[in-house]
Amino acid sequence: MSTKLYNELIIPASDGMYRYALSIVHEPETARDVVQDCLAKIWNIRNDLSKIEKANAWAFRIVRNRCIEMLRRDRYADLDEKVVNLQVSNPADQEAINTDQMVWLKDVLDTLPKKQREVFHLREVEELSYQEIAETCELTESDVKVNIHRARKKVKDAMQKIDAYGIAN
Amino acid sequence: MESPIEQLIEKYWNGETTLEEEKRVKAHFKTNPALSNESDYFRFLKKEQEIKFDPKVKKNSRRTWLSAAATVAVGLTTAALVLQESNKDPFAIEDPEKALEETRRALMMIGSGLNEGQSYALELTKINKAKEELKEESEPL
């Protein structure tokens, strides 16, 4: 029964878990490690899955905590390793985006404050409800709404600037 | 007068849409792709949604090259060391002190062997002498 729940609830969520991790750590290798760690962790407690109401938001919260742990650990990691990681960080997904002339959009999203970027991702890409986002990010629903509105406004402003002057910033 | 979809798009940018309405906006841009920044934006979101989790660890090319280079380097070093060792006499002694000691021991061994041989030779001479004396004495008879 618990294995069935794991296969039905968690495995389909793994793509979203990976995208969410990637939006936080910006490094495909690290994001993959995060998701693999989380899947192992969830597998170990699969007997409790029946008690969980919103598996999606719950799994995302586990991903979020693991990402924060990873980022904290990285802060103290060997500098050389960090340099290597920076140099190898060239995911195919980003290449596809760059070649698609959407660089301006990536630039705008990169300038968003972390919280806004995170909330924006969960709403626009993962299509979570305000309540689910609030639970995942430990925010209030109104905080979530405000952050999404601000993020969208920045994107819209950048679009209007490009239309008017041909540049985003 | 704005069309219903235009009103919905405006609502979207104002952050007032529900999830369902947002899905309608996204579907609109999917079926009506345009060469506009707005259209690019929704295409970008769709692209983001298509990113999949691949549990297989893809080795990045740089790391693969590094490990290949490291393997070759280790192999070459091992080969060089093995060749160097095989050219050497396995009984050769590198330390001159030790070599001197070994030579001295070998010479001592030869010396003691020679001395032992000499003592037997002396005994043989004695026997031969006695034999000669006996021979001389027996001849006149």
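Scanning region A:122-169 for residues that are part of a loop (DSSP other than H, G, I, E, B) and facing chain B (nearest Cβ under 10 Å) yields A:Val125, A:Glu126, A:Glu127, A:Leu128, A:Ser129, A:Ala168. Only one entry in A:Asn85, A:Asn47, A:Asn65 is at pLDDT below 85, assigned to a helix (DSSP H, G or I) and not assigned by TED's automatic domain parsing to the domain that holds A:Lys114, namely A:Asn85. Can you find, within region A:9-22, the residue that is farthest from A:Arg66 (Cα to Cα) among those that are surrounded by fewer than 21 Cβ atoms within 10 Å (Cβ to Cβ) and at the interface with another protein chain (Cβ under 9 Å from one of its Cβ atoms)? Among those that are surrounded by fewer than 21 Cβ atoms within 10 Å (Cβ to Cβ) and at the interface with another protein chain (Cβ under 9 Å from one of its Cβ atoms), it is A:Asp15. Among the residues of region B:22-37, those that are surrounded by 14 or more Cβ atoms within 10 Å (Cβ to Cβ) and either at pLDDT below 90 or more than 10 Å from chain A (Cβ to nearest Cβ) (or both) comprise B:Arg24, B:Val25, B:His28, B:Phe29, B:Asn37. The set of residues from region A:28-53 being away from every other protein chain (no Cβ under 11 Å), over 21 Å from A:Ser129 (Cβ atoms) and not small (Gly, Ala, Ser) comprises A:Thr30, A:Asp37, A:Lys41, A:Ile42, A:Trp43, A:Asn44, A:Ile45, A:Arg46, A:Asn47, A:Asp48.
The residue that is nearest to A:Val103 (Cα to Cα), among those in region A:116-138 that are in contact (Cβ under 8 Å) with a residue 40 or more places away in the chain and in contact with a Cys (Cβ under 9 Å, 6 or more places away or on another chain), is A:Glu118. Filtered by the rule that a residue be in contact (Cβ under 8 Å) with a residue 40 or more places away in the chain and surrounded by fewer than 19 Cβ atoms within 10 Å (Cβ to Cβ), region A:139-166 gives A:Lys154, A:Ile162.
Contact map, region B:1-18: residues that are assigned to a helix (DSSP H, G or I) paired with residues that are among the acidic types (Asp, Glu) and at pLDDT 95 or above, Cβ distance under 8 Å, separation 6+ or inter-chain. Pairs shown: B:Leu8/B:Glu21; B:Lys11/B:Glu21; B:Tyr12/B:Glu21; B:Tyr12/B:Glu22. In this structure, does A:Asn56 turn out to be surrounded by fewer than 16 Cβ atoms within 10 Å (Cβ to Cβ) and either polar (S, T, N, Q) or more than 10 Å from every other protein chain (Cβ to nearest Cβ) (or both)? No, not satisfied.
Here is a yes/no grid of residues against (1) in contact with a helix residue (DSSP H, G or I) (Cβ under 6 Å, 6 or more places away or on another chain); (2) under 16 Å from B:Phe42 (Cα atoms); (3) among the aliphatic types (A, V, I, L, M):
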{"position": "A:Ile133", "(1), (2), (3)": "yes, no, yes"}
{"position": "A:Glu141", "(1), (2), (3)": "yes, no, no"}
{"position": "A:Val146", "(1), (2), (3)": "no, no, yes"}
{"position": "A:Ala164", "(1), (2), (3)": "no, no, yes"}
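Residues of region A:100-130 that are among the acidic types (Asp, Glu) and under 10 Å from the mean Cα position of the chain (by Cα): A:Glu118, A:Glu126. Condition (residue is out of contact with any helix residue (DSSP H, G or I) (no Cβ under 9 Å at 6 or more places or on another chain), surrounded by 10 or more Cβ atoms within 10 Å (Cβ to Cβ) and at pLDDT below 90) applied to region B:88-98: is it met by at least one residue? Yes, region B:88-98 contains at least one residue that is out of contact with any helix residue (DSSP H, G or I) (no Cβ under 9 Å at 6 or more places or on another chain), surrounded by 10 or more Cβ atoms within 10 Å (Cβ to Cβ) and at pLDDT below 90.
The values are calculated or read from the model by the stated rules, or taken from the named source; none is laboratory data. Since this is a predicted model, take the numbers as computed values, not measurements. Every residue, glycine among them, receives a Cβ derived from its backbone with ideal geometry; neighbour counts consider all protein chains shown.
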